[in-house]
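Since the structure comes first, as structure tokens, the remarks are kept for the end.
We did not get these values from a lab; they are worked out from the coordinates using the rules stated. All values derive from a computational prediction rather than experimental measurement. Neighbour counts run over all protein chains shown; Cβ positions are idealised from the backbone, glycine included.
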């Protein structure tokens, strides 16, 4: 009985693999805490410079929560070094940055609830 | 994409610079250094002073600015004097401090150009003018303070202007919302100002647009507009 249950579970798992492999990739965004963002006119450089990167899908700037999120296009990446360099060209200091499985819109929605 | 490789941006810069230079005005108060590879167009208009310029930030913390300004002064219906300057500046953001809730900056500027002076109806002709300036500012999402100093040295005039600005926003806004401010400026120009001029502004900031409308202590209107693009 136990062997049969195990075999059934294994078979179901194996059957699910193709669906998982061919499904849509999870969105990925760089989410950063940034110092110095005090007005939208001043922070224009963040959005403008991030949008020059080929891998950028969307950009979200949150002045209240000191947050910048850059959603990457499916299958493409922006490395942390490039992100920090663009933020420096825009005139801002990155405190921390992490890759999160969310779109810029999802990060924006979550941020607005705070 | 850099300025050099974009014919469209070069053309836009030439057109805006041409517009700015034809204004030929006095009082380069603005000392903009925006983000790398960006352009900023500015104009500042009042009854006695008109200014227009365009700047391009070619490297982090650096910008070149071309512009013109014009001061005129009338007293009791009599035209007293005129100063007209067209010049080129190099602006440098010498220092910036970013903290979680604020930003502070120190800018310096130097420029050279051509000036024309008129005094008591007599045209004194054109001469070379050099200009030096500095600006210190500090702001949060709701407070703003700045000091702006400029020195203009030409054959026929030598002026130093000092301005102190303070402002407060009525409320915090999100990045994509219009933010209203109330701002007060106190300004004095040596060998021109009889007294310190106070101007009260309503300031509006929305993404790439910065606009101010105000009235000074003589009831005369003034407006400022800035626009950034890349």
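Roughly what would the spin-label model give for residue B:160 and residue A:80, points 7 Å off Cα along C-beta, in nm?
Taking the simple label geometry, residue B:160 and residue A:80 are separated by 4.9 nm.
What is the calculated FRET efficiency for residue B:225 to residue A:26, with r their C-beta to C-beta distance and R₀ = 51 Å, to the nearest 0.05?
Once rounded, the FRET efficiency stands at 0.70.
Classify region A:33-114 from the C-alpha gyration tensor, please: rounded if a/c falls under 1.5, else prolate or oblate depending on whether a/b exceeds b/c.
Cα axes put region A:33-114 in the oblate bin.
Can you tell me the FRET efficiency between residue A:96 and residue B:127 if r is taken as the Cβ-Cβ distance and R0 is 56 Å, rounded to the nearest 0.05?
Between residue A:96 and residue B:127 the formula returns 0.55.
Give, in nm to one decimal, the length gained when the segment between residue B:151 and residue B:174 is fully stretched (0.36 nm per residue of separation minus the Cα-Cα distance).
Gain on extension, residue B:151 to residue B:174, equals 4.5 nm.
Can you give the FRET efficiency to the nearest 0.05 for residue B:64 and residue A:110, using r as the Cβ-Cβ distance and R₀ = 30 Å?
0.10
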